[in-house]
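J.: My structure is below; once you've seen it, I'll send some questions.
The values are calculated or read from the model by the stated rules, or taken from the named source; none is laboratory data. Keep in mind it's a predicted model, so treat the numbers as computed, not measured. All Cβ positions, glycine included, derive from the backbone under ideal geometry; neighbour counts span all protein chains shown. Side chains included, ligands, DNA and RNA excluded: accessible areas come from the protein's heavy atoms. Shrake-Rupley method; radii C 1.70, N 1.55, O 1.52, S 1.80 Å.
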Amino acid sequence: MAAAQSQQGLLTVEQTKVVLAEVLKALGSPDSEARLQEARESACNDMGKMLQFVLPVATQIQQEVIKSYGFSNDGEGVLKFARLVKAYETQDPEIAAMSLKLKSLFLPPMTAPPLGGGVPSS
């Protein structure tokens, strides 16, 4: 039933939670963690390199999970799933928290610039 509904682009909030939990579990597996760590090391915490090395690995892992729910096994399927999750983030705090955790697995931590822009006043 979930696969039939998702092919129409619809998962319920509860189904989305299940899929997100499976994605997080897959990304947290020893094999996936090793693949992601290797990609992170190659990226050296550089945002451009994170997109080049880490994002494709995370996308592949995510594709393996979401294809079971009727999403296409390509980047478009991942984008459709991401849009669905984003739509539910404002409705459900659990989905918002899981989405934040998912993003934190493949995006470098963002640091705020120092107050005042770091330029000493004269």
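J.: Name the residues in the range 42-98 that are of a type outside the set (Ser, Thr, Tyr), more than 13 Å from Leu11 (Cβ to Cβ) and not in a helix (DSSP H, G or I), would you?
T.: The answer is Cys44, Asn45, Asp46, Asn73, Asp74.
Residue-by-condition table, conditions (1) open to solvent by 40 Å² or more (accessible area, probe 1.4 Å); (2) modelled with pLDDT of 85 or more; (3) out of contact with any Lys or Arg (no Cβ under 6 Å at 6 or more places or on another chain):
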{"site": "Thr16", "(1), (2), (3)": "no, yes, yes"}
{"site": "Lys25", "(1), (2), (3)": "yes, yes, yes"}
{"site": "Glu41", "(1), (2), (3)": "yes, yes, yes"}
{"site": "Met50", "(1), (2), (3)": "no, no, yes"}
{"site": "Leu79", "(1), (2), (3)": "yes, yes, yes"}
{"site": "Arg83", "(1), (2), (3)": "yes, yes, yes"}
{"site": "Leu100", "(1), (2), (3)": "yes, yes, yes"}
{"site": "Pro109", "(1), (2), (3)": "yes, no, yes"}
